[in-house]
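Here the structure is laid out as structure tokens; the discussion comes afterwards.
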Protein chains: 4
Amino acid sequence: MTKGKVLLAYSGGLDTSCILAWLIEQGYEVQCYMANIGQEEDFEAAREKALKIGATAVYIEDIRPNCLYEGVYLLGTSLARPVIAAKQMEIAKREGCQFVFTVVPLSMLLIQRFKLLLHGEFQNSTTDSKVVVIYLLTPAEKGIPVQQTAAKPWSTDENLYHISYEAGILEDPNVTPPVDMWKLTTNPEKAPDTPEHLAITFKAGIPVKVENLGDGHVETDPLDLFLYLNHLGRKHGVGRVDIVENRFIGIKSRGCYETPGGTILRAAHVDLEGLAMDREARRLRDSLGVRLSEILYNGYWFTAEREIIQAAVTESQKYIDGTVRVKLYKGSVTMEGRTSPNSLYDQDLSSMDIAGGFHPLDSEGFIKIQSIRLKAYTDMKSRLGKN
Amino acid sequence: MTKGKVLLAYSGGLDTSCILAWLIEQGYEVQCYMANIGQEEDFEAAREKALKIGATAVYIEDIRPNCLYEGVYLLGTSLARPVIAAKQMEIAKREGCQFVFTVVPLSMLLIQRFKLLLHGEFQNSTTDSKVVVIYLLTPAEKGIPVQQTAAKPWSTDENLYHISYEAGILEDPNVTPPVDMWKLTTNPEKAPDTPEHLAITFKAGIPVKVENLGDGHVETDPLDLFLYLNHLGRKHGVGRVDIVENRFIGIKSRGCYETPGGTILRAAHVDLEGLAMDREARRLRDSLGVRLSEILYNGYWFTAEREIIQAAVTESQKYIDGTVRVKLYKGSVTMEGRTSPNSLYDQDLSSMDIAGGFHPLDSEGFIKIQSIRLKAYTDMKSRLGKN
Amino acid sequence: MTKGKVLLAYSGGLDTSCILAWLIEQGYEVQCYMANIGQEEDFEAAREKALKIGATAVYIEDIRPNCLYEGVYLLGTSLARPVIAAKQMEIAKREGCQFVFTVVPLSMLLIQRFKLLLHGEFQNSTTDSKVVVIYLLTPAEKGIPVQQTAAKPWSTDENLYHISYEAGILEDPNVTPPVDMWKLTTNPEKAPDTPEHLAITFKAGIPVKVENLGDGHVETDPLDLFLYLNHLGRKHGVGRVDIVENRFIGIKSRGCYETPGGTILRAAHVDLEGLAMDREARRLRDSLGVRLSEILYNGYWFTAEREIIQAAVTESQKYIDGTVRVKLYKGSVTMEGRTSPNSLYDQDLSSMDIAGGFHPLDSEGFIKIQSIRLKAYTDMKSRLGKN
Amino acid sequence: MTKGKVLLAYSGGLDTSCILAWLIEQGYEVQCYMANIGQEEDFEAAREKALKIGATAVYIEDIRPNCLYEGVYLLGTSLARPVIAAKQMEIAKREGCQFVFTVVPLSMLLIQRFKLLLHGEFQNSTTDSKVVVIYLLTPAEKGIPVQQTAAKPWSTDENLYHISYEAGILEDPNVTPPVDMWKLTTNPEKAPDTPEHLAITFKAGIPVKVENLGDGHVETDPLDLFLYLNHLGRKHGVGRVDIVENRFIGIKSRGCYETPGGTILRAAHVDLEGLAMDREARRLRDSLGVRLSEILYNGYWFTAEREIIQAAVTESQKYIDGTVRVKLYKGSVTMEGRTSPNSLYDQDLSSMDIAGGFHPLDSEGFIKIQSIRLKAYTDMKSRLGKN
């Protein structure tokens, strides 16, 4: 008689293997759930490991297509989390689990209808989202194979969009990341001497086509398109970032990231918005986009604020159709031109007729009226002798 | 007997030469004012041209040091304008001019104590800031030498920070800028195969030292430091931008920019803020910075809103001291490390004692309390059958 | 043979009567359009006046129900304008007019497919939205009856929501409005000594029922409900405002307003949001609401920015259901209680079980983690001797 | 030999009396600190009680003048906290205490140089700021006199600015507060039938004079001025609020407040800003003010973000000089007029000369240029058949 059935979000790594063993030891039946979010991983080896430790079932789900989400594709880890969590809930319901156990940001799950297994001993003291076994377990004791990590003194987190590196030698923000750390991109200094030219087409803000203008290769399936951009970004060393960032819990953290395809897409998307998005719409989108990034970064997907902002962001993307030409070269993404059927750019503005366009005198009137407020303020300061 | 003395902001180019001739023809005495804001120009040739057309005096002022302003050095043209205008006012007062005439955004001057000479015929119909002679003047009629422009079918605006290109063939946003257009930077594809490594030191957000980590070259004078970064940025092809932007008057405009030194400084400055600026301070600085950019871009320097934001931005820079190591390579600026005496990054956070630090259980409490609000919302939706 | 057919937005007042006469004089056929937006006006008398001056048709449209719009009902004049304009366009298309003429903020119409008749002589120099006949017309010359205005030395603008007073003796912001100026509300000092108690019910942010808790009177039709609140607001002197505000063109303007029903609704709506809207949703709604008010106040209804914000605001109102009890008394609206089926308020929070609720230790953890960032900043300042 | 000397922030109430007893029992020497922030309290009785329980010293400090702070005087409790905390730190240093103990929001103190005595058992589970003795203490056991609270089934927090009521019968947000709950203001229905007329004068945003226009009474001392406004606000029933608000920890809470003087000052201050503050300055001030309120409400006084915003807010108040006339009547504060030497309001704008003012044609040009962007968007939608 077990204490109940737990669905454990399992990675195949040391941490979740220890948790698996510990949960079984505590008297739970444990089933494992692995999400394929694009990380380079041997899922079958992980399945065998889980079963060997004592899992009664292992579910491996390819949720990469679910991760391709408009407008937010740069926030790799953050965006993957709600998708992973939603799928875990779905499976838990289907399989009749009473509990779920996960190391993704916990707030997401607390708000769900499942009861969360959470025990203080699993709580890491330096991060907000990871769980490690602290108290009595050691991998050796449980017979769990440990990866050799002396050669890679940092930790990583990988998915379809990106990989992040942190901790270990990276903890000193003044240490330059070693050249052999980077995994998803070629060193720009070793990248091809010949640039690559692409055309990326968007429909309502979503990429629908990538064409290699050199060899004519075309991708239109969302997942294939993204994987192809990852391939080209890797080849040309695109998407490396090294920053000191602010974590949700208030600590600063140094992280290095590689986001090859996402970086290309983001640059092209923003460029197209320059052509097809109204100025004031863009100002709104910019400020709402910053807030949305914070929401996702902090794990607040299942919230009222995300729903409200998402409604506005989706509205802002209605007319973002068009094609952007992009050059990749030794780490850089350069815009080379853009067209849009919904362009707001008017080459012939000066030839507009009087009724609809504007006359040379119009800008004089415009400037004078804009100056009324400024003049009142300056006059006031002059009366006070302040200018 | 003239109608009065005008101080004309003179560039030596066609537009202001025509205006000079026209003002004289209208019966004004005209003195010319040229600001050296770092543009590559033959000031003496311009002086001679002005005198030949009929100016009674020409004042050439080196205001480059005044243009080096903390926090806003990327907005080259926008920032130069108030500096140029303020100096013009100063000279006009000193020389007893009754009028000033300028083509920089007019709102700045309207708010000043001088009466502005402005006549509709000088108003260009497609831009908010340029003036051209439309009606009866032609350069040939007035004997003004015209630059050959068939070879350079675009217009430029240059200063210490950057050069901008627009109009002409660039009006089609899908036309890739020709390789020979770019003037201030080497083509990244022709840039050196060997990266350059720098260390840039800031004090209260202001760059105070640049050291070339390869050859040991050091600059500490603000102007020299900036010119040196321009030199290195040029060499490595750093700072090219090609965008469709939104002009103040509501039109979209395609502009290309080169900002070699400014791009390096901006990247290093933002990186240092990651280390030495508090998270919430950074959020404020980010949103205020966007607003400040708009204010400068639109020419609203002499305003209440600029004064208020400047007070906040200056406060935010108080503790931004430190050194950032930067690599330049074929168009890219890459961060390689950063240190700060005011770093808010704590490598040893996990070893903090109980009284001052936090215990593993703390983050459990933190997460549970963060979830109270989320749980209330999700429970409400569940009652409605919405999730 | 006329120059074409114009649809003139006609008020029956002096200004538009002069315009009507002038347009006919200029050779246009003129049809008149009057919108019933709730103003107290003799529409039939206005129709006769228009026909007498020479209009070939007069269309009177009751568009009051169109004006009842969720979330924005306090911005009376601003909101009425796009509704009026949209109906004018509809009629112009239906009646085959080539031109429309209106004095509502012009930007709304310029963006429409109609050609706008606009002539400088009709442009008033002190306001952004009104048009008066300046040059040669006088009412007497055209035989237009003029209202006696010596007794009411200010101008008004009235609709279903409110009336505004400005200009005339109100131009001095230190002049207290005379007691007999106010038209839509009783002087609070003369209002009943007995308060009135109401219950207002909302569904998705929209008022769906008003119940008078004293006499049991109930209204549920949107228009009737609003008219009833106007009646009660008037009776109890609710909704007077006297402010110096900032006009779109940059001048300051002193305006007095009466908004009886709208003031009651707004107070109740905001109160209900306190109970049923999530904290972060509310923060978003607050900042977006301010921006939406600016958009409407300045006449930018038919814009991308309004569409984006509207999407977010609508999303934010999804769950705003419930009933607010309100007391009206001598100019005040006082909340007396509120309930909501979607309340996020949890009276029994302290009795939550451990798994879903929070333990006394949780808030200690919460506070310690919140303090990490603050401690880092204070420690840094201490190192610098700044505190 | 004690464990050390503690400076306890003491209120004389049950909670802090229990804490005092418990700390002594734990082996600490305890000194008590009481801040006079304007609450109606018998400080000498409290002093005797503390000494009787075992405190070795009691310091009573009148910090009311320190609480009078520009721009933020409505956030009574929030603002009093940092002032109280700063004074406690000052006394603790002066008296050589190793520890401080307080129930004001803890984050403020954690960031200070003192070590905080904090023990989980003191943490209340339902609020973020109060501490109660949970485990073994009972008032009776310790011989501490308990106030009879059956007659007042709610808790209060009072200072110079306001009093708050919460908990008890108020926990049901649909319960109307009983008439005898309100302590600082007369019931509006019992307030005088004759209004009171005041003139309030500000200098750089700070109130410097209150004149009763009826009896000529004048106050200019900051504290006296505030106390006088409290007196008048009380008399006329001004400043009652009943809301459901969002607490820092994410729960909703129903609170009732009385803020008599603060409500009058706030209304007059905002009104004066309408006259003397530039439009864009006001927009900035509005959004920064909301953020500042959140910062104060959540107890983040000693933070970088507060310092930055304070710099901007102070800058915004530079020119806010002038006098506002106000009427108090049965719960309402009504503006009756305002003047300012720095007024930005221009009564004679229409008579401005051409060079400095604006011509009727100017607003036509202004509107046409404002419409360029709108026309581009509408044209694009028309091409798509969307309008």
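The values are calculated or read from the model by the stated rules, or taken from the named source; none is laboratory data. Small disclaimer: the values here were computed from a predicted structure and weren't measured. Because the Cβ atoms are built from the backbone with ideal geometry, glycine has one as well, and the counts that use them run over all protein chains shown.
Numbers for the structure displayed
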| quantity | calculated |
| --- | --- |
| C:Gly237, sole failed condition from (1) more than 17 Å from the chain's Cα centre (by Cα); (2) farther than 30 Å from D:Leu272 by Cα | (2) |
| Total residues in region D:233-248, condition farther than 14 Å from C:Ser332 by Cβ, surrounded by fewer than 20 Cβ atoms within 10 Å (Cβ to Cβ) and aliphatic (A, V, I, L, M) | 1 |
| Verdict on A:Ser293 being hydroxyl-bearing (Ser, Thr, Tyr) and within 12 Å of chain C (Cβ to nearest Cβ) | no |
| Search result, residues across region A:179-203 that are surrounded by 13 or more Cβ atoms within 10 Å (Cβ to Cβ), assigned to a loop (DSSP other than H, G, I, E, B) and in contact with a helix residue (DSSP H, G or I) (Cβ under 9 Å, 6 or more places away or on another chain) | A:Met181, A:Leu184, A:Thr185, A:Thr186, A:Ala191, A:Pro192, A:Pro195 |
| Single condition D:Pro153 does not satisfy, out of (1) outside the structural domain of D:Lys327 (by TED's automatic domain parsing); (2) under 22 Å from D:Gly337 (Cα atoms) | (2) |
| Given (1) in contact (Cβ under 8 Å) with a residue 40 or more places away in the chain; (2) within 24 Å of C:Ile84 (Cβ to Cβ); (3) away from every other protein chain (no Cβ under 11 Å); (4) of a type outside the set (Val, Ile, Thr), number of the condition C:Leu232 does not satisfy | (2) |
| Matching residues, region C:278-304, being in a helix (DSSP H, G or I) and small (Gly, Ala, Ser) | C:Ala281, C:Ser287, C:Gly289, C:Ser293, C:Ala304 |
| First in region C:78-106 and at pLDDT 80 or above, second anywhere and of a type in the set (Lys, Arg), Cβ under 9 Å, 6 or more apart | C:Ala92/C:Lys5; C:Lys93/C:Arg113; C:Glu95/C:Lys5; C:Gly96/C:Lys5; C:Cys97/C:Lys5 |
| For D:Ile309: the one exception among (1) more than 29 Å from D:Tyr228 (Cβ to Cβ); (2) assigned to a loop (DSSP other than H, G, I, E, B); (3) without any contact (Cβ under 8 Å) to a residue 24 or more places away in the chain; (4) of a type outside the set (S, T, N, Q) | (2) |
| Some residue of region D:208-225 being surrounded by fewer than 22 Cβ atoms within 10 Å (Cβ to Cβ), within 30 Å of B:Thr303 (Cβ to Cβ) and either within 12 Å of chain B (Cβ to nearest Cβ) or at pLDDT 90 or above (or both) | yes |
| Subset tally (residues that are of a type in the set (A, V, I, L, M), closer than 14 Å to A:Val324 by Cα and not in a loop (DSSP other than H, G, I, E, B)) for region A:204-228 | 3 |
| Any hit, region C:21-38, residues being in contact with a Leu (Cβ under 8 Å, 6 or more places away or on another chain), among the small types (Gly, Ala, Ser) and more than 23 Å from C:Lys93 (Cβ to Cβ) | yes |
| Subset of region B:176-193 (residues that are more than 15 Å from A:Gly331 (Cβ to Cβ) and at the interface with chain A (Cβ under 9 Å from one of its Cβ atoms)) | B:Thr176, B:Pro177 |
| Which numbered condition B:Gly261 misses (of (1) part of a helix (DSSP H, G or I); (2) in the same structural domain as B:Asp172 (by TED's automatic domain parsing); (3) over 14 Å from the mean Cα position of the chain (by Cα); (4) crowded, with 24+ Cβ neighbours inside 10 Å) | (3) |
| Of the criteria (1) assigned by TED's automatic domain parsing to the domain that holds C:Gly233; (2) crowded, with 20+ Cβ neighbours inside 10 Å, which one C:Tyr300 fails | (1) |
| In region C:229-258, the residues that are in a loop (DSSP other than H, G, I, E, B) and aliphatic (A, V, I, L, M) | C:Val238, C:Ile249, C:Ile251 |
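Yes or no, residue by residue, for (1) over 36 Å from the mean Cα position of the chain (by Cα); (2) at pLDDT below 90; (3) facing chain D (nearest Cβ under 8 Å):
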| position | (1), (2), (3) |
| --- | --- |
| A:Tyr319 | no, no, yes |
| A:Lys330 | no, no, no |
| A:Thr334 | no, no, no |
| A:Thr339 | no, no, no |
| A:Leu349 | yes, yes, yes |
| A:Gly356 | yes, yes, yes |
| A:His359 | yes, yes, yes |
| A:Gly365 | yes, yes, yes |
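Quick grid of which residues meet (1) out of contact with any helix residue (DSSP H, G or I) (no Cβ under 8 Å at 6 or more places or on another chain); (2) surrounded by 11 or more Cβ atoms within 10 Å (Cβ to Cβ); (3) assigned to a loop (DSSP other than H, G, I, E, B); (4) at pLDDT 80 or above:
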site	(1), (2), (3), (4)
D:Leu137	no, yes, yes, no
D:Glu141	yes, no, no, no
D:Ile144	no, yes, yes, no
D:Thr149	yes, yes, yes, no
D:Thr156	yes, yes, no, no
D:Leu160	no, yes, yes, no
D:Ser164	no, yes, no, yes
D:Leu170	yes, yes, no, yes
D:Asn174	yes, yes, yes, yes
